[in-house]
Amino acid sequence: MAAAGVRPHPPLFGIACAAALTLGVVASMRLPALPPLAANLSVLLLGVIGWVVPWRARWLGAALAGFAWACLVGGHVMAQRLPPALVGQEIAVVGHVVGLPQRHDDVLRFDFVADTHGNPDGVAGRHLRLGWYRTTNEVAPGERWRFMVKLRRPRGVLDPGGFDFEAFALERRIAATGYVRDGSTRHAPADPARAVRLGVQPGIDALRARWSQRIADAVPSPSSRFLRALALGDTRFLTEDDWDTLRQTGLNHQVAISGFHVGIVAAFGALLGWYLWWMFPRLGLRWPRPQALPVFALAFALGYAAMTGFQLPTVRTVLMIATALLARIGRRPSSVPTALSLALVAMLLLDPLAVLEPGFWLSFVGVAWLLWCLPHDTPRWRSFLGGQVVVTIGLLPLTVWFFSQASLVSPLANLVGIPGFALFVTPLSIFGLALDLVWPAAGGVVLRFAGQAMDGLWWIVAHMAHWPGALFWLPEPGVLSLGLALLGAFWLLLPRGIPGKPLALLLWLPLLWPRLPEIPVGSADLDMIDVGQGLSLLVRTQHHALVFDTGPAFEGGLDLGQSAVVPTLHALGVRRLDALIISHGDNDHAGGADSVRRAYPVALRYAPAGWPKGRDYQPCLKDATWQWDGVTFRFLHPPQFMPYLGNDSGCVLRVSGSGWAALLPADIEAVIEQRLVREQSQMLRADVLVVPHHGSATSSTPDFLAAVAPKLALISVGLDNRFGHPKPAVVRRYLDRHIALEDSASDGFVRVHLSSDGPRVLERTRERLRRFWQEPVAPAAAMFDKNAGD
């Protein structure tokens, strides 16, 4: 007992130290570059000493230890990435398939771990994410293969509100991405010698795939996809419409494997142990039942966590059960908050990069809110209803932070989803699968009954998803907005009787109703959205928004319209699109159009006449003009009656205001450039030019550049693209005319403000969100120096 007046030191693994450790880890994830190894080791040693030694500020030692430990782990993972010398090289790799492969039409995607021996240095032992295009072959979990592959370091597009694939690759330890080179072309078959199956390596992933297929065989109805997700965490067969419905109702967490599912299995294990000790009382002489039951619970929980791929919520629950087990074995008092804080510490020590996963925060914070807010003596039905309120209020700020969205019907949908999905269909699916393994006929009956129940539940949920205002999107929040909203949630969830709770709603305003930057009349913002090797531009005036092209959509399901353009529009607070222009039908410009139109119904749509997919678009014709908020939009090309010729029939748009102009020429080539110079030289002059055809050698002719005379040029281009865009000679032309260059490969999303004061770059997302896992890329101007002799 602490002496009177002496403040006791916080427990080693208590809540204060667990929170400080988390803050230290989070701080390291904000670094643009990692400190040197020696500095990290020194800080780690100092932090561990400060944490272990009992004193009042031991939480400070935990914070330092968390910071240094996360830096060391992050540095190690980055060092495991593919060496630059192997990027783009065709190499042979031998290894085995991990996880559950995904097929989309004739494209197969899967994770692959290369053997530690027999592979090139820099690939051996690494985790690779591979695609196999135009193939009818199948790969199964655990199978060993030898492939010819081309690899690259993890890289993705980076936009406001978009998915950071590089952070995802860091957290999942993906060292490289690439594709199988089987020698096939559109006109020639694959070479069997370039992709050889070597055998099978048994493992849990192979069992998961086998069990998933057993559910599909037992339940022929479409509801089997939900049973596979609920019982095994196999979400491969959920459609995009399924995910949309789950997001709109706030039930996506119910379909993913959660800690509750693990708890059901753990309880079954404890029940089985209790039954064995009841049947054989003499077991208690050798092993007391109070200590044996947690071991059974832990064993079953650990087995189920492995069966579902060790997803984060299952790991958290296993750690909490393990904490209770250790306390019971050691005959020490334990509480649920203590178990949660110890699980948090164990999770961060095992994998500090887990903080990059939204599920980490939703899992731990959700449990923490429930533990703090719900009294233990409340009737169960009141605890259930109160839990919905607590989770909705407590997790809403994090939901908006991670996903920029909120579901208005979520509380009501959870009243149906939690008892239906978690308490009925999930246990029934797990039981049916277990029964199917020993008695297939009975197991099939149980699984089909679970499927019928799921059909009824899904009918209810799907109708809720279509209620007006079921889901609303919010602009990308800032850290201050998140902090204020969490403080407001804390205030609202304080015990009854605390005064001023209505005032807590004011703290939510910056998150739910943020003030967006205003664009003056006569000015505009031109945003180049990072869509890789493609083009998508957003033009915003004071009250209007226009999208010019939508980026590509690839084989295998990657649609940049859906994954880059639409999230960017949501993050920027664009609530409606007033016009959509598809410059021409090439995939890198038009591939994402359908996804953008699904998210934003647009009445005013333009595309070149004759484009086969443009039947419900108006033709973009030379001299067509309109005005919004003091800004004039005018098409300069194509003229009427021009046949559809791909690049050269693309829509050329000029956007202008008082004392400024921007030119968006899509992919026109030299012939059309020269025609525009001859016929509309005065209309070409602009302060900002979107570089034609991504910097191809067939465009940006000297006469065209002289006529436009831009101060700033934007290049929408993918890193290390197969076309070699932008060409060094083209870059040289721009630099020789002292034209500033911005490119999406090095800058990501770029925002330019257009006004009479001249063009001003307001944002480069890769600069604003610079983190140590985002490797810097030399800008296009530096490439000119590198290739000066070309």
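Exactly one residue among Ser656, Ser681, Ser649 is over 22 Å from Tyr606 (Cα atoms) and either small (Gly, Ala, Ser) or open to solvent by less than 50 Å² (accessible area, probe 1.4 Å) (or both), and that residue is Ser681.
Inspect all residues belonging to the range 54-75 and state whether any of them is without any contact (Cβ under 8 Å) to a residue 24 or more places away in the chain, open to solvent by 60 Å² or more (accessible area, probe 1.4 Å) and out of contact with any Leu (no Cβ under 8 Å at 6 or more places or on another chain). Within the range 54-75, not a single residue is without any contact (Cβ under 8 Å) to a residue 24 or more places away in the chain, open to solvent by 60 Å² or more (accessible area, probe 1.4 Å) and out of contact with any Leu (no Cβ under 8 Å at 6 or more places or on another chain).
Residues checked against (1) part of a strand (DSSP E or B); (2) under 26 Å from Asp703 (Cα atoms):
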position	(1), (2)
Asp588	no, no
Arg597	no, no
Ala609	no, no
Leu663	yes, yes
Ile668	no, yes
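Check the range 502-514 and report whether any residue there is touching a helix residue (DSSP H, G or I) at 6+ places or on another chain (Cβ under 7 Å), at pLDDT below 95, open to solvent by less than 10 Å² (accessible area, probe 1.4 Å) and more than 29 Å from Glu767 (Cα to Cα). Looking through the range 502-514, at least one residue is touching a helix residue (DSSP H, G or I) at 6+ places or on another chain (Cβ under 7 Å), at pLDDT below 95, open to solvent by less than 10 Å² (accessible area, probe 1.4 Å) and more than 29 Å from Glu767 (Cα to Cα). The single condition from (1) at pLDDT below 90; (2) assigned to a helix (DSSP H, G or I) that His376 fails is (2). In the condition set (1) touching a helix residue (DSSP H, G or I) at 6+ places or on another chain (Cβ under 6 Å); (2) closer than 21 Å to Val446 by Cα, Ala305 is compliant with all but (2). In this entry, Thr116 passes the filter for residues that are exposed (fewer than 14 other Cβ atoms within 10 Å of the Cβ), closer than 19 Å to Pro202 by Cα and β-branched (Val, Ile, Thr). Restricting the range 222-238 to residues that are open to solvent by less than 40 Å² (accessible area, probe 1.4 Å) and part of a loop (DSSP other than H, G, I, E, B) leaves a set whose member that is modelled with the lowest pLDDT is Gly233.
Among the residues of the range 95-110, the one identified as open to solvent by 30 Å² or more (accessible area, probe 1.4 Å) and closer than 13 Å to Phe147 by Cα is His96.
If you check Leu82, Leu100, which single one turns out to be in contact (Cβ under 8 Å) with a residue 60 or more places away in the chain, of a type outside the set (Gly, Ala, Ser) and not in a strand (DSSP E or B)? Write out each step before concluding.
Working: Leu100 fails: not in a strand (DSSP E or B).
Being in contact (Cβ under 8 Å) with a residue 60 or more places away in the chain, of a type outside the set (Gly, Ala, Ser) and not in a strand (DSSP E or B) holds for just one of Leu82, Leu100, which is Leu82.
Yes or no, residue by residue, for (1) over 30 Å from His543 (Cα atoms); (2) open to solvent by less than 10 Å² (accessible area, probe 1.4 Å); (3) assigned to a loop (DSSP other than H, G, I, E, B); (4) modelled with pLDDT under 95:
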{"position": "Arg634", "(1), (2), (3), (4)": "no, no, no, no"}
{"position": "Phe641", "(1), (2), (3), (4)": "yes, no, yes, yes"}
{"position": "Glu673", "(1), (2), (3), (4)": "yes, yes, no, no"}
{"position": "Ser699", "(1), (2), (3), (4)": "yes, yes, yes, no"}
{"position": "Leu714", "(1), (2), (3), (4)": "no, yes, no, no"}
{"position": "Tyr734", "(1), (2), (3), (4)": "yes, yes, no, no"}
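Of all residues in the range 250-264, those satisfying the criterion of being over 17 Å from Thr392 (Cα atoms), modelled with pLDDT of 70 or more and either among the aromatic types (Phe, Trp, Tyr) or open to solvent by 20 Å² or more (accessible area, probe 1.4 Å) (or both) are Gly263, Ile264. Taken over the range 19-43, the criterion of being open to solvent by 40 Å² or more (accessible area, probe 1.4 Å) and touching a Leu at 6+ places or on another chain (Cβ under 8 Å) is satisfied by Leu37, Leu41, Val43. Within the range 283-293, can one find any residue that is more than 25 Å from Ser407 (Cβ to Cβ), in contact (Cβ under 8 Å) with a residue 24 or more places away in the chain, surrounded by 19 or more Cβ atoms within 10 Å (Cβ to Cβ) and more than 29 Å from the chain's Cα centre (by Cα)? No, that holds for no residue. Among strands (runs of 3 or more DSSP E) entirely within the range 121-203, having at least 3 residues that are touching a helix residue (DSSP H, G or I) at 6+ places or on another chain (Cβ under 6 Å) and of a type in the set (S, T, N, Q) singles out no element at all. Selection of the range 530-549 for residues being touching a residue at least 40 places away in the same chain (Cβ under 8 Å), over 19 Å from the mean Cα position of the chain (by Cα) and either open to solvent by less than 30 Å² (accessible area, probe 1.4 Å) or farther than 23 Å from Trp626 by Cα (or both) yields Gln533, Gly534, Leu535, Ser536, Leu537, Val539, Thr541, Leu546, Val547, Phe548, Asp549.
The values are calculated or read from the model by the stated rules, or taken from the named source; none is laboratory data. The structure presented is a predicted model; accordingly, all values stated were derived computationally and were not measured. Cβ coordinates were reconstructed from backbone atoms using ideal geometry, including for glycine residues, and neighbour counts include every protein chain displayed. What goes into the accessible areas is simple: the full protein's heavy atoms, side chains included, and nothing from ligands, DNA or RNA. Shrake-Rupley method; radii C 1.70, N 1.55, O 1.52, S 1.80 Å.
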